[in-house]
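Remarks on the structure that follows.
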Amino acid sequence: MWNAAPSLAADSTADRNGEPSRPVALARILVGIAALLQISAVGPHLTKLLAPGAFRAPYAITPPIGAAWTPIMICLIVALAVAAIVGWHTRIALAGLAAMIALVLALDQQLYGNDLYLLALECFLLCFAGSGAALSLDARRRGGASDLVERWPVLLLKIQLSIVYAFTAIAKINPQFLRGEVMQAALRFEDIPSQLAVALSLVSIGVECFLAVALWFHVTRRTAMLVASCCTPRFWCCSNGALSWSRLSWRCWLSTCCSRACGQASTW
Amino acid sequence: MTAFCVAYVAVQIVLSIRGLSNPGRLRFAWGMYAVAGSLPTIDIVYPAAYARPMEPDVAERFLVMRGRPDVDYEVLLPPYICAAVPAAEALHVERRTFPCRR
């Protein structure tokens with residue numbers, strides 16, 4: 001259905017008026033897939049939390065939504081994510097997805113997660129980027145893909161991801177993490193040597209420092225992708241390894257797409 | 001648009017720097033998996049006439065999700081447990097006593 005063009009062409013089409021549309025469209029598809037993964041993880045919690053009698057930790061202002069709304073909310077998020085992936089009324093789908101994720105976050109303090117928050121920000125920025133300009137039903141309906149999309153949301157998305165990696169690495173430089181306690185709590189294997197947990201913690205910090213910078217540069221981007229996809233300790237060692245891998249990996253792919261889109265700007 | 005971009009990045013950086021003062025415990029700051037979530041130790045105190053063994057991991061029993069580092073369970077859980085356990089007279093939350101008022 002979609003006409004996949006060589007990705008190298010993306011860098012050459014970047015100019016002062018916009019960014020190549022295809023990598024940004026790919027980023028949109030990744031964000032839609034990430035939303036489906038996230039809702040599959042959050043959905044069961046949402047159902048249990050909104051059930052009558054469950055312990056709730058509301059905010060000062062929390063939307064009055066009961067258990068009956070849970071399946072409707074989940075179905076709506078899935079529908080919006082699918083619409084974002086195929087690029088059907090893309091701006092509305094992404095704006096709706098950002099709003100629905102914000103609603104889920106506002107329902108209970110226990111539902112807050114940085115991954116969900118980041119996903120809402122990404123939907124928000126991609127909505128402004130015009131990410132439905134290519135690889136989408138919208139483009140097909142218009143009779144062809146547009147070559148360029150807005151530059152500023154793409155740049156903000158890249159900066160956002162670097163901020164996430166950089167500050168997560170800095171936040172991990174605390175006694176509990178450096179002693180390996182956080183890593184041990186997340187490990188699926190019991191009784192591993194504490195030295196190994198400490199080593200994995202240090203590797204984790206190193207990986208995130210590296211990713212905060214490496215995804216901006218053409219020469220290090222491929223290594224960064226390889227590191228993020230294969231060598232993250234959480235992927236191999238955590239009980240929810242697959243989800244951890246998907247979270248870290250799609251963020252990197254997303255950043256790579258944005259870097260491609262930014263072309264010359266990515267060599268800052 | 002430049003003003004919006006600068007404001008967006010500034011807000012992200014300010015919130016993240018603020019979060020570094022208490023890693024992993026402030027929302028909207030980036031510090032995923034920087035600290036492990038921990039639950040307070042809670043013991044239910046029953047009336048003397050009501051023979052009931054001490055229950056371990058009370059806090060965990062009432063949660064439907066894993067403990068999060070950014071939720072103040074010490075404040076939010078006791079009223080809920082008092083309501084959920086009608087026979088409870090008081091709760092020992094860490095080193096404090098929380099009376100269950102009926």
(request) Just the ratio, please: alpha-carbon radius of gyration of the stretch A:55-123 over 2.2 N^0.38 Å, N its number of residues. (result) 1.14
(request) Obtain the nm distance between the two label points defined at residue A:185 and residue B:64 by a simple spin-label model: each point lies 7 Å from its Cα along the Cα-to-C-beta direction. (result) 2.3 nm
(request) Summarise the partner chain shielding of B:65-71 as one whole number: the mean count of Cβ atoms from other chains within 10 Å of each residue's Cβ. (result) 5
(request) List the pair-distance distribution P(r) of the stretch A:124-174, using every Cα-Cα distance, as the percent of pairs falling in each 5 Å bin from 0 up to the bin containing the longest distance, rounded to whole percents. (result) 5, 20, 18, 16, 12, 10, 8, 6, 4, 2, 1
(request) Please work out the Cα convex hull volume for the stretch A:14-65 and give it in Å³ per residue. (result) 134 Å³
(message) At 20 °C and a viscosity of 1.002 mPa s, what translational diffusion coefficient does Stokes-Einstein give for the stretch B:1-42, taking Rh as the Kirkwood radius over Cα pairs? Give it in µm²/s as a whole number.
(response) 182 µm²/s
(request) Counting residues in chain B as N, plug N into 2.2 N^0.38 Å and put the Cα Rg over that result. (result) 1.52
(request) Any chance you could check the stretch A:46-60 for residues losing 50 Å² or more of accessible area when the partner protein chains are in, compared with the chain on its own (1.4 Å probe)? (result) A:55
(request) Over the alpha-carbon set of the stretch A:139-209, divide Rg by the Kirkwood Rh and report the Rg/Rh ratio to two decimals. (result) 1.33
(message) Need one value for B:74-80: mean number of C-beta atoms belonging to other chains within 10 Å of its residues' C-beta atoms.
(response) 2
(request) Count, for each residue of A:113-122, the Cβ atoms from other chains sitting within 10 Å of its Cβ, then give me the mean as a whole number. (result) 2
(message) Could you tell me the calculated FRET efficiency between residue B:21 and residue A:219, based on Cβ-Cβ distance and R0 = 30 angstrom, to the nearest 0.05?
(response) 0.25
(request) Quick one: what are the phi-derived ³J(HN,Hα) couplings along the stretch A:68-78, Karplus 6.51/-1.76/1.60 with θ = phi - 60°, whole Hz, x for glycine and proline? (result) 4, 7, 4, x, 5, 4, 5, 4, 5, 5, 4
(request) Starting from the Cα-Cα distance between residue A:72 and residue A:92, subtract it from 0.36 nm times their residue separation and give me the gain in nm to one decimal. (result) 5.4 nm
(message) Taking 51 Å as R0, compute the FRET efficiency from the Cβ-Cβ separation of residue A:226 and residue A:61 and round it to 0.05.
(response) 0.70
(request) With a point put 7 Å past each Cα toward its Cβ, work out how far residue A:173 is from residue A:106 in nm, to one decimal. (result) 3.7 nm
(message) Please compute the alpha carbon radius of gyration of the stretch A:97-195, then divide it by the globular-protein estimate 2.2 N^0.38 Å. Two decimals is fine.
(response) 1.55
(request) Taking all protein chains together and a probe of 1.4 Å, list A:158, A:48 from the most accessible to the least accessible. (result) A:48, A:158
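The values are calculated or read from the model by the stated rules, or taken from the named source; none is laboratory data. Note that this is a predicted model, so its numbers are computed, not measured. Neighbour counts are summed over all protein chains in view; Cβ atoms, including those assigned to glycine, are modelled from backbone coordinates with ideal geometry. Ligands, DNA and RNA are excluded from the accessible area calculation, which covers all protein heavy atoms including side chains. Shrake-Rupley method; radii C 1.70, N 1.55, O 1.52, S 1.80 Å.
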